[in-house]
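A.B. asks: Structure below; questions to follow.
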Amino acid sequence: MTERTLRGQAVIAGIGETTYYKHGQSPDSEFKLALMAILAAAKDAGIDPKNIDGFTSYSNDRSDPSRLAAALGTRELRFSNMQWGGGGGGVAAAVGNAAAAVATGMANCVVAFRALAQGQFARFGRGSGAPLAAGDDAFTVPYGVMSPAQKFAMKVTRFMHDHGVKQEALRAISLASYHHAQNNPRAVMYGRPLDEAKYDASRWIVEPFHLFDCCLENDGAAAVIIMPADRARDLPHKASYLLGVASGSDHRCAAPVHNGPNYASSHFATVAPHLYEMAKLGPKDIGVVQCYENFTGGVLMSLVEHGFCAPEEANDLLRLENLIAPTGRMPLNTSGGNLAECYMHGLELVNEAVRQIRGVSVNQAPRNDTVIVVGGPMVTPVSSLILGSEAAL
Amino acid sequence: MSYLPEGLPIPSAGADGLSTPYWEGTRREKLMIQFCRGCKHWQWGPEWICHRCNSFDRDWREVAGKGVIYSYQRVWHPVHPALNGHGPYIAVLVELPAADNVRMIGNLLGDPKQDVPIGGTVEAVFEHHASASPPYSLVHWRLV
């Protein structure tokens, strides 16, 4: 039997994004933002956007593939796919689902995208205005546990308690994103640097998260074009090959009311081994890390569960000097990520991974043959992927 | 006087009635948890099936309101209008040793700025909202 794998079978041919805005400040509607990002990605890939024949997304994106196909003049729609799960948990899976489609002949040119206009629609960081709380919410919301930060903080607190992780480790993750954003004109936090004193003085949102441990809320859109690997040589830019992708979660992690057995977790414990197995790589082979920051504590647990350090080594690894390009030993979130570039549910991290492989990042890492993108931690099903240059195949 | 201000969403057993025995129990100051008659294990939160043995034969049984703090959070930033100007407050995740260490969420009564000991022993305190529509009762926790 031939090996069942996506390794090397699909490439990211093009990337695109709109201007990134603070939430509520986009002059354009969410659907128009999606179209703008897709057209930008098609232009980057050097293709006629009418040749896009598939759409994948995640987090219940509201830009419907039939409407997109009509608007773009798509000649024929062959693949449309929504990855279940909210937030950015599904970002890598959406790219992987597109890759699976082109690798198996179900489509030829698929765009994975995410569009958000939280001014037009509800914000993520607010509680619901509903008068009743039913289901799981009935057991949490009346106690004031309702926003994403409040749903995840107790996982992080328990993890830090179990392994002696200090607040300074979370601070370093935040500082790295803000550091990188200062070189990135696309970043919402461009020109707004952060230092230790400002972090320490910032208000608590929910312990252990200061304001700067929490992602932004933004408007905009981003898109990547995925094509079969045999098209790589026709592309205007250096191709980024998908080396591995995995999604899912561990045993009973979503047992109601915080009853998952492996509670203090980003829920990559079972996912990451599949990722590395497909990629035929390990954490020591990764040059650059893009790791979704819904909250810095999620990054902490994701890095551990992807093998970048043991839990007891987190305080040593997570120091600013280790995390910044080009000099750090593990450049992290080199565009500024969800904390400081844009909260585009992690698709901005995929775009940055491609820029790293092309060698055109504003915070270029010296080792750029392999880049990992870890999707939204704790937001199950979670997903992560590894991209590589042709040399990494 | 309730721990959090009035005006937060009212807990509902839901249209399917899955958690009705729990909410009826809290009004009588009884902590009712699901117990699987198939494999004799406790399970929480409410579910139609046992995650362990896939039996649908679940019972509701009373558990003593004694727990151990597994994790906690002190919330400062209000995300609901009813909480504006209020805070901080503490939510705790409590394990019930008498019920296979299933976990429940409640508020930790007392000083909202107190140090919260993970591993600390707590007891359940029922908070009745008799004038709400419909009436309901929450379960909070107090260090012992």
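A.B. asks: Near the amide H of B:Trp60, under 5 Å away, which other amide H atoms are found, from residues 5 or more places off or on another chain, if H is placed in the peptide plane?
C.D. replies: Under 5 Å from the amide H of B:Trp60: B:Phe35.
A.B. asks: Would you kindly derive the ³J(HN,Hα) couplings of the range A:170-183 from the backbone phi angles with the Karplus curve 6.51 cos²θ - 1.76 cosθ + 1.60 (θ = phi - 60°), listing them in order in whole Hz, with x for Gly and Pro?
C.D. replies: 5, 4, 5, 4, 5, 4, 5, 5, 5, 4, 5, 5, 5, 9
A.B. asks: Rounded to whole Å, give me the distance from the Cα center of the range A:352-380 to that of the range A:1-43.
C.D. replies: 15 Å
A.B. asks: Using Cα pairs under 8 angstrom and six or more residues apart, how large is the relative contact order of chain A, in percent?
C.D. replies: 25 percent
A.B. asks: If exposed GluC sites (Glu not before Pro) are those in a DSSP loop with at most 13 other Cβ within 10 Å, what is the longest stretch of chain A that has none? It would help to have the intermediate numbers written out before the result.
C.D. replies: Numbers: sites that count: A:Glu3, A:Glu76.
Longest stretch, sites excluded: A:77-393.
A.B. asks: Could you give each residue of the range B:17-34 its phi-based ³J(HN,Hα) in whole Hz, using Karplus coefficients 6.51, -1.76, 1.60 with θ = phi - 60°, and x for Gly or Pro?
C.D. replies: x, 4, 9, 3, x, 5, 6, 5, x, 5, 5, 9, 6, 10, 9, 9, 10, 6
A.B. asks: Also, quick follow-up: Provide the net charge surrounding A:Pro331, with neighbours chosen by a C-beta distance below 15 Å and charges set as Lys +1, Arg +1, Asp -1, Glu -1. Mind dumping the intermediate values first?
C.D. replies: Values: positive: A:Lys284, A:Arg319, A:Arg329, A:Arg355, A:Arg367; negative: A:Asp285, A:Glu293, A:Glu321, A:Glu341, A:Glu352, A:Asp369.
Net charge around A:Pro331: -1.
A.B. asks: Evaluate the distance, in nm, between pseudo-label points positioned 7 Å from the Cα of A:Glu321 and of A:Ser128 along their respective Cα→Cβ axes.
C.D. replies: For A:Glu321 paired with A:Ser128, the spin-label model returns 4.9 nm.
A.B. asks: Report the local net charge at A:Val245: Lys and Arg +1, Asp and Glu -1, summed over other residues whose C-beta lies under 12 Å from its C-beta.
C.D. replies: 0
A.B. asks: Taking amide H positions as placed 1.01 Å from N in the peptide plane, with prolines and chain starts having none, which residues 5 or more places from A:Asn333, or on another chain, fall under 5 Å of its amide H?
C.D. replies: Long-range HN contacts for A:Asn333: A:Val289, A:Gln290, A:Cys291.
A.B. asks: While we're on this one: With springs connecting C-alpha atoms under 10 Å apart, model chain A as a Gaussian network and identify which of A:Ser147, A:Ser57, A:Ser240 has the largest mean-square fluctuation.
C.D. replies: Highest fluctuation among the options: A:Ser147.
A.B. asks: If amide hydrogens are placed 1.01 Å from N in the peptide plane, which non-local residues have theirs closer than 5 Å to the one on B:Asn107?
C.D. replies: Excluding prolines and chain starts, which carry no amide H, the hits are B:Val92, B:Trp141.
A.B. asks: If the cut-off is a Cα-Cα distance under 28 Å, which lysines reach A:Lys43, setting aside same-chain residues fewer than 8 apart in sequence?
C.D. replies: Output for A:Lys43: A:Lys22, A:Lys32, A:Lys238.
A.B. asks: Give the calculated FRET efficiency between B:Arg61 and A:Lys238 to the nearest 0.05, with a Förster radius of 45 Å applied to their Cβ-Cβ distance.
C.D. replies: Numbers: r = 63 Å, r/R0 = 1.40.
Calculated transfer efficiency: 0.10.
A.B. asks: Calculate how many DSSP beta bridges within chain A are antiparallel, expressed in % of all such bridges and rounded to the nearest 5. List each step's numbers first, then the result.
C.D. replies: Values: 33 of 46 bridges.
Around 70 percent antiparallel, to the nearest 5.
A.B. asks: Enumerate the aspartates and glutamates that B:Lys66 could reach by cross-link, defined here as Cα to Cα under 19 Å, with residues fewer than 8 away along the same chain left out.
C.D. replies: B:Glu29, B:Glu95, B:Asp100, B:Glu123, B:Glu127
A.B. asks: Roughly speaking, what is the centre-to-centre gap between the range B:9-87 and the range A:162-228 when only Cα atoms are used, to the nearest Å?
C.D. replies: Cα centroid to Cα centroid, the span is 35 Å.
A.B. asks: Give me the aspartates and glutamates in straight-line cross-link reach of A:Lys166: C-alpha distance below 15 Å, same-chain residues under 8 apart excluded.
C.D. replies: Within the straight-line cut-off, A:Lys166 pairs with A:Glu196, A:Asp200, A:Glu207, A:Asp213, A:Glu312, A:Glu313, A:Asp316.
A.B. asks: Using the Karplus equation 6.51 cos²θ - 1.76 cosθ + 1.60 (θ = phi - 60°), what ³J(HN,Hα) coupling, rounded to whole Hz, does each residue of the range A:104-120 give in order, writing x for Gly and Pro?
C.D. replies: Taking θ as phi minus 60°, the curve returns 9, x, 6, 7, 10, 8, 10, 9, 9, 8, 8, 10, 9, 10, 6, x, 6 Hz for the range A:104-120.
A.B. asks: Quick one: putting +1 on the C-beta of Lys and Arg, -1 on the C-beta of Asp and Glu, what dipole do you get for the range A:224-365 around its Cα centre, in Debye to the nearest 20?
C.D. replies: Details: 10 positive and 14 negative charges, 81 e Å.
For this selection, approximately 400 debye.
A.B. asks: With springs only between Cα atoms under 10 Å apart, run a GNM on chain A and tell me which of A:Arg62, A:Arg233, A:Arg358 wobbles the most.
C.D. replies: A:Arg233
A.B. asks: Here is a further query. Which whole-number percent gives the relative contact order of the range B:20-143, counting Cα pairs below 8 Å spaced six or more residues apart?
C.D. replies: 22 percent
A.B. asks: Quick one: if you stick a label point 7 Å off each Cα along the C-beta vector at A:Glu277 and B:Ala98, how many nm between them?
C.D. replies: 4.4 nm
A.B. asks: What does the charge dipole of the protein assembly as shown about its Cα centre add up to, to the nearest 20 debye, if the Cβ of each Lys and Arg holds +1 and the Cβ of each Asp and Glu holds -1?
C.D. replies: So the dipole magnitude of the protein assembly as shown works out to roughly 380 debye.
A.B. asks: Next question, about the same structure. Looking at chain B as a GNM with Cα springs under 10 Å, which of B:Leu96, B:Leu109, B:Leu18 has the largest mean-square fluctuation?
C.D. replies: Most flexible of the set in this elastic network: B:Leu18.
A.B. asks: Same structure again: So for the pair A:Ser202, A:Glu3, with labels modelled 7 Å out along Cα→Cβ, what separation do we get in nm?
C.D. replies: 4.2 nm
No value in this document is a laboratory result; all are computed from the given coordinates. What you see is a predicted model; the values in this text were computed from it and never measured. Positions of Cβ are generated from backbone atoms using ideal geometry, with glycine treated the same way; all protein chains shown enter the neighbour counts.
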